[in-house]
Amino acid sequence: MQNTHIWSKLNLYRLKVIFAVVLMVCAATAHAQIQRTTRWVQKNNPNYDDRKLTYGFLIGLHTSTYQLKYSDQFVTSKFDTVHSVVGAWSAGFSLGFIVNYRLDDQLDLRLTPKVGFYEHKVSYIYTDDTPRDDQLVESTMVEFPVLLKYKSQRRGNIRMYMIGGVVPALEASGKKKTEERELGIRTSNISLDAGFGFDLYYPLFKFSPEIRFSRGIVNMLDRTTDAYGAPLKRINTNTVTLYLLFQ
């Protein structure tokens, strides 16, 4: 009886060993196949990254919101009926051009002047019977991103990269008068951008999907003396954008 138990254990261990060996052989075969595929793949535009200056255009799909910070007045009796002031994420898009200067095999300086169409919503919620007040801020911003792009080594027809920089922006309509019944917002902004993407090489062009995160460093609150601005101390922009770049 004891011998039968021992042989049963040995059979179980043998099955485990065989299964592990099969898995290792399959993994090694798959790895070798990937290496052969990468080694022999036909490169599209093999000398594209040797160019000093390249151009293109971009389409951006973004979602943006205001990050709000309350002022000291918010906790005073003057605003007892104000329950909260909240921002919401809203969609928009941008269009622009690409001017890319090659500094090194793995580092580029990139300028992407563009026009962005933004919509920001700020809701004032009250504790009494006052209806919820939604402030909608629509703006068309002319933006001048100055970015550094750090690229990995090219593998076949793909290359990963990280990108970041500073983005000054100015509202296209210039300074406009804000009515007292509206939330006063500045017409210029500066943001810090960071993101990552992939360069995909095709026979006639290079396509790059990219995700970028943007954080405004300028206080966008323009007026703090009325009922809309007094409860607030700062307003900063937060934006997440999916870029589709063609070069």
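Less than 20 Å from a label point 7 Å out along the Cα-to-Cβ axis of SER77: which backbone N atoms in the range 122-149 qualify, by residue?
Counting only backbone N, you get 127-129.
Sort the following peptides by mean Cβ neighbour count (other Cβ atoms within 10 Å, averaged over residues), highest first: 220-230, 234-244.
Going from most to least packed, we get 234-244, 220-230.
Through the Karplus equation 6.51 cos²θ - 1.76 cosθ + 1.60, θ set to phi - 60°, convert the phi angles of the range 230-247 into ³J(HN,Hα) values in whole Hz; use x for Gly and Pro.
Each residue of the range 230-247 in turn: 4, x, 10, 10, 9, 9, 10, 8, 10, 9, 10, 10, 9, 9, 10, 10, 10, 10 Hz.
If amide H atoms are built 1.01 Å from N in the plane of the peptide, which residues on other chains or at least 5 residues away come under 5 Å of the amide H of ASP199?
The answer is ARG159, MET160, TYR161.
The numbers here are math on the coordinates, done by the rules we state, and not lab data. All values reported here derive from a predicted model rather than from experimental measurement. Note that each Cβ is placed from the backbone with ideal geometry, even for glycine, and that neighbours are counted across all protein chains shown.
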